[in-house]
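All remarks here apply to the structure that follows.
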Amino acid sequence: MNATTADAAPADPGRIVLLTTSHRVAPGLLSWPAWQALRTADRVLCADGTHPQLPYLREAGIRVDEAAPTAEELVGACAGGRTAVVVATGEGDPALTDGLARLAGSGRLHMPELELLPASYDLPGARLLDLVQVMDRIRRECPWSSQRTHKGLAKYAIEEAYELVEAIEDGDRDELREELGDVLLQVVFHARIAEEDPEAPFSVDDVAGTIVAKLIHRHPHVFGDETAATPEDVREHWLRTKAAEKQRTSVTEGVPLGQPGLALAAKLASRVRQAGLRVPLPSGEGIGYDLLALAARAESEGTDPEAALRAAARAYRDAIREVEG
């Protein structure tokens, strides 16, 4: 039986692969499926001749055409079962993808198989690199930010920390995420300012490196040979390694006097208790000594007096609003 033209099977429309990469991962570090798609493609195209991936693709022997075909041209290039890989630019290729969507929706063409293939993914924490880059530009170009100093920013660190605590106490997840970002900004901002110090500069990488080294050293049960079966064991490791690092002559060293009074009193009481010292509370008249005794008692009972007072104050605030109607 002779097949008529109408009965003939349609020609294979081919395949279009849109290859995306992350600028936060070094060029050339592509997934194996991406390399397979590139090596077996009939054509590889990229609209951006300065795309950072191109030198690495060409070094691997892959021919890349610097071209920006229309959707119709790309569909035509795939006719007959051919495969075209489009290396997406950093901004994406909206004109091409929108054009392909319109063609697919028109029903006029037998469309090629469309595949979005991520060639590299962001690693956890990759967006922190964006924050560092944004902060660097703001420091250079913003009239206000370019003039800030460590001392001038100090009050904002305190404010943001209190706002973070409030978000935690409110249980608002969206607010918590935002306030964590604001606290993180303070760290990155101060680190960026520190780069400009003429005598002792350091960068955000130095800050991160310092805390990484500290965490590893103070967690020998995780990164070393010691064991810790309970939270109390962990705390013992932490205090022992911290004491060896600091070599303090007094348990009061390192206790910031600028913190809220109840927190300061509780911290001093905690240091005394952990050191096994017998230090009687100073006696005196007035509410200050009464509060000191309450803070020490709360700490000995495992209660954060600052948090407890905040909780009571919030209840008082709610009562005030209820009376106000």
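D for the stretch 79-142, whole µm²/s, Stokes-Einstein with Kirkwood Rh over alpha-carbon pairs at 37 °C and 0.692 mPa s: what number? Calculated translational D: 211 µm²/s. Assuming charge only on the beta carbon of Lys and Arg (+1) and of Asp and Glu (-1), the dipole of the stretch 33-93 about its Cα centre is about 340 debye to the nearest 20.
The apolar share of the surface of the chain, taken as the fraction of accessible area on carbon and sulfur atoms (1.4 Å probe, ligands and nucleic acids excluded), comes to 57 percent. Computed from backbone phi, the HN-Hα couplings of the stretch 33-49 come to x, 5, 4, 4, 5, 5, 6, 9, 6, 6, 9, 10, 10, 8, 6, 9, x Hz, rounded to whole numbers (Karplus: 6.51 cos²θ - 1.76 cosθ + 1.60, θ = phi - 60°; Gly and Pro given as x).
Straight-line cross-link partners of Lys155 among the aspartates and glutamates, defined as a Cα under 18 Å from its Cα and at least 8 positions apart when in the same chain: Glu163, Glu166, Glu179, Asp182.
A P(r) calculated from all alpha carbon pairs of the chain, with 20 Å bins opening at zero, reads 19, 37, 27, 15, 3, 0 percent. Per residue, the average separation of C-alpha pairs within less than 8 Å and at least 6 apart gives the stretch 250-325 a relative contact order of 31 percent.
Using C-alpha pairs below 8 Å separated by at least 6 residues, the relative contact order for the chain is 14 percent.
Give me the percent relative contact order of the stretch 127-284, please, defined on Cα pairs under 8 angstrom at least 6 residues apart.
Relative contact order for the stretch 127-284 comes out at 12 percent.
Multiplying the residue separation of Ala95 and Leu176 by 0.36 nm and removing their Cα-Cα distance gives an extension gain of 25.4 nm. Dipole of the chain computed with +1 at Lys/Arg Cβ and -1 at Asp/Glu Cβ about the Cα centre; of Gln36, Leu96, Ala269, farthest Cα towards the positive end is Ala269. The lysines within cross-link reach of Lys246, meaning a Cα-to-Cα straight distance under 26 Å and a gap of 8 or more places when in the same chain, are Lys151, Lys214, Lys267. Magnitude of the charge dipole for the chain, about its Cα centre and with charges confined to Cβ atoms of Lys, Arg (+1) and Asp, Glu (-1), is about 780 debye.
Mind listing P(r) for the stretch 55-168? All alpha-carbon pairs, 10 Å bins, whole percents. In whole percents, the pair-distance histogram is 9, 24, 22, 16, 15, 12, 2. For the options Arg235, Arg108, Arg248, a Gaussian network treatment of the chain with springs between C-alpha atoms closer than 10 Å singles out Arg108 as fluctuating the most.
Based on DSSP H segments of at least four residues, each scored -39500 (n - 2.57), the chain has a per-residue ellipticity at 222 nm of -17500 deg cm²/dmol.
Surface exposure of the chain, expressed per residue as accessible area with a 1.4 Å probe, stands at 66 Å². Along the Cα-to-C-beta direction of Asp130, a point sits 7 Å from the Cα; which residues of the stretch 11-54 have their amide N less than 13 Å from that point? Within reach of a label on Asp130: 22-25. When restricted to Cα atoms, the stretch 206-325 yields an Rg and a Dmax of 18.9, 61 Å, respectively.
The values are calculated or read from the model by the stated rules, or taken from the named source; none is laboratory data. Note that the coordinates shown come from a computational prediction; the quantities given were computed from them, not determined experimentally. Please note: Cβ atoms are built from the backbone with ideal geometry, for glycine as well, and neighbour counts cover all protein chains shown. When the accessible area is computed, the model is the full protein with side chains, heavy atoms only, and any ligands, DNA or RNA have been set aside. Shrake-Rupley method; radii C 1.70, N 1.55, O 1.52, S 1.80 Å.
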